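No value in this document is a laboratory result; all are computed from the given coordinates. Since the model is a prediction, treat every value here as computed from it, not as a measurement. Neighbour counts run over all protein chains shown; Cβ positions are idealised from the backbone, glycine included.
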């Protein structure tokens, strides 16, 4: 008896320790989850913190007198004169109106560096379009030079280095006070292609490129994926070939994406001689990459259609194909759509295979078709992130925010579709 | 006509064929006393006409579009005077790009040799001819197919069967695309790899300890032959993957255990989607985060404790990659833990074990094979991941296991060797394909083994 009691005693004594262990184990779990969620939070906070200033542009509004004398331009319709004319001079003159004591070549040069390097071509385009404006005074809004933009937006941020002279900083401070230098929503970001100058660069080209690429991917992977899933679930005989196809699909789902880039390079570009850096090739590569995802989720959707539906249709004389096309596929469609949208969202964020097929070129123009050179949103982000110019970092983060917004809305659409259309049997 | 315009045209023709055959079948049926006297519904006659119209035409169109470029290039090269024939494929592609630039009007014909300008004219001519032939041929085939189907609209022919047979074949072809993709991958890496091993011996590739794939621009340049030893790349890849797994496995596994055994339904339904968001973030975003935030942070931290860290460290890439694969590990472990039968759990708890003891001594050992399978899958993910390492791990092929050093990986090298224009026959370019083959084989093996373990384990409890 004493033996038993001492055993019970032992257990009771050890209970405290065991409960402590239990609590500790539970704590480990909470810590692990907290670390994971904290990383997610830090990731988003970091990107928003870096990127919010990318949505702001810095502009200088000046009353520019388009004086024919200082521009050396009498006749704006004459192409030779236009190409020889000095369009920076009126801008500098306009700035000198604000700072009459800035004299001499050095000061004039520094003044001229307050506006972006596209300011001169803005004036040229204006005069070329309206020759009547010569010798009039116009109020024009210029993009500020990138060094000015960095100074205005990030003067207190140790991560940025200010590359303005002290004289220039004083000018900028004064112009800010006068309201000549302004910050406003960066519409340039959404209306232009890439540029060498951060202030002038936009993601429209990349968004359109992504759109064309995704259209090709969708047009191929959605029908092919569904057809393959239907075949494997409904028609495939139980044999070696079917097994082989299944194993292949499962393995393809786990092949690193960069390998698909090699495939695209060797087959589509090397063998078929398709052009480099075009959305068609990118779309084809991404279609092959997303196909396994779509097939696997479509098969799951088909599997969830109860056999009673099939039996009922067969019972009233439908052929196998009619059963599938009239009943099974429509009923499985919500699941198939959800899987496809998720697959497309993955493809939208994919970068590595597109690097190999040449979609990393520096492209200024917004692509206008499936066969014009293009880049896509994630590649544009990569290009900007690896640029040494400091203004591109905020653009890259802004691009990431746009990309994530696209992906989150696609996933939200998928979840909404599933909730809305899914039927429980 | 452009392929992009022909494609919709063929589809429009198919719709027209559908409509015509539909009306025809009704017309045929009318004197017999309605469509019930036909062997199939009008829809099937019409669908067959559409298929006959579209499929052969599309096959011809695809074949033509696929090989048009190559054939024209061959003819243009062959048309050049013998004494300027390009000697190597690299030179040929240079000449071709010059010719096509002239043809596209990007290069003034006056600035190039006469034979190039002539070839540009020929190129344009051939392209126009090819376009015309293609258009005529494709439209002709579409019309013939539709006409044939039109003649076969007859009451005694069962169109439904032939339509269903065709559809079934199309479905099969779609399923076979997966096999074709695998075959395509294997062939696209194998040819170039064999050519690479013709230039660099396989033993040097597998056992060499130095990697610097510069090849000479001129034959007599100093250091003309590059070094192609894969060992530094493998150690770099393994180092980063190991760091990633060290982060992801404990966090992922413990999260999965907590979520499946302890968490309330509400916590589970909010935390799980949040964790899965980590998997949905594009890799380029992780790369950005690793390169611009984590790497400088680690460098500063290391300096603070007196260590020297490179600005592109393996640790930064590995940590961020670990975060990326947390949801991978956690959702796979979650699946296997939930697959352990409830009876095991209940039995252990009934004997007086606490929840954590049940977990550690009963469920975890039972779920171990599945968890290992999941970890292997995660490892193959880590090995094949590209963007994070391209942006954060650097290019220097250091043979080191110091996580604060900069290392390079197989995927980084593939990406950097193949970005931009390259000559197709240099050892440098070919080595990327050899690396690709290594990567493909290793990840394939990992996946096959992992899937086998997971499947075997599932069978055990099903």
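For this structure, a couple of remarks:
- Dividing the summed helix terms, -39500 (n - 2.57) for each DSSP H run of n ≥ 4, by the number of residues in the protein assembly as shown produces a 222 nm estimate of -22500 deg cm²/dmol to the nearest 500.
- Relative contact order, percent, segment A:153-218 [alpha-carbon distance under 8 Å, six or more residues apart]: 16 percent
- Seen against the Cα atoms of chain A and their longest principal axis, helix A:166-178 is set at about 80 degrees.
- Stretching residue A:30 away from residue A:121 to a fully extended chain increases their span by 26.8 nm, per 0.36 nm per residue minus the current alpha-carbon distance.
- Value of relative contact order over chain A, rounded to a whole percent, pairs C-alpha under 8 Å and six or more apart: 19 percent
- Once the Cβ-Cβ distance of residue A:215 and residue A:9 is raised to the sixth power relative to R0 = 56 Å, the FRET efficiency obtained is 0.15.
- Put the Cα centre of segment B:365-386 next to the Cα centre of segment B:1-65 and the gap is 50 Å.
- FRET efficiency, residue A:70 to residue A:191 (Cβ-Cβ, R0 41 Å, nearest 0.05): 0.85
- Axis angle, to the nearest 10 degrees, between helix A:240-252 and the longest C-alpha principal axis of chain A: 40 degrees.
- Full extension of the chain between residue A:368 and residue A:276 yields a length gain of 31.6 nm, computed as 0.36 nm times the residue separation minus the alpha carbon distance.
- Helix A:391-421 and the long axis of chain A differ in direction by around 40°, with both axes built from C-alpha atoms.
- Counting Cβ atoms of other protein chains within 10 Å of each Cβ in A:376-385 and taking the mean gives 4.
- Cα centroids of segment A:45-93 and segment A:369-425: 32 Å apart.
- Calculated FRET efficiency for the pair residue B:344/residue B:186, C-beta based, R₀ 30 Å, to 0.05: 0.10
- Residue exposure proxy: B:9, A:232, ordered by other Cβ atoms within 10 angstrom of their Cβ from fewest to most, comes out as B:9, A:232.
- For the protein assembly as shown, the convex hull drawn through the C-alpha positions has a volume of 251 cubic angstrom per residue.
- Packing-based exposure ordering (other Cβ within 10 Å, fewest first) of A:172, A:364, A:216: A:364, A:216, A:172
- Counts of other chain beta carbons within 10 angstrom of each beta carbon in peptide A:219-228 average 3.
- Simple label model, 7 Å out from Cα along Cβ direction - residue B:125 to residue A:244, nm: 4.7 nm
- Counting Cβ atoms of other protein chains within 10 Å of each Cβ in B:379-386 and taking the mean gives 4.
- Relative contact order of segment A:204-421, taken over Cα pairs closer than 8 Å and 6 or more residues apart, is 31 percent.
- Mean Cβ neighbour count within 10 Å, used as a protection proxy, ranking B:370-377, A:34-41, A:14-21 highest first: B:370-377, A:34-41, A:14-21
- Peptides A:271-278, B:436-443 ranked from most to least packed by the mean count of surrounding Cβ atoms within 10 Å: B:436-443, A:271-278.
- Among A:394, A:22, the ranking by other beta carbons within 10 Å of each residue's beta carbon, starting with the fewest, stands as A:22, A:394.
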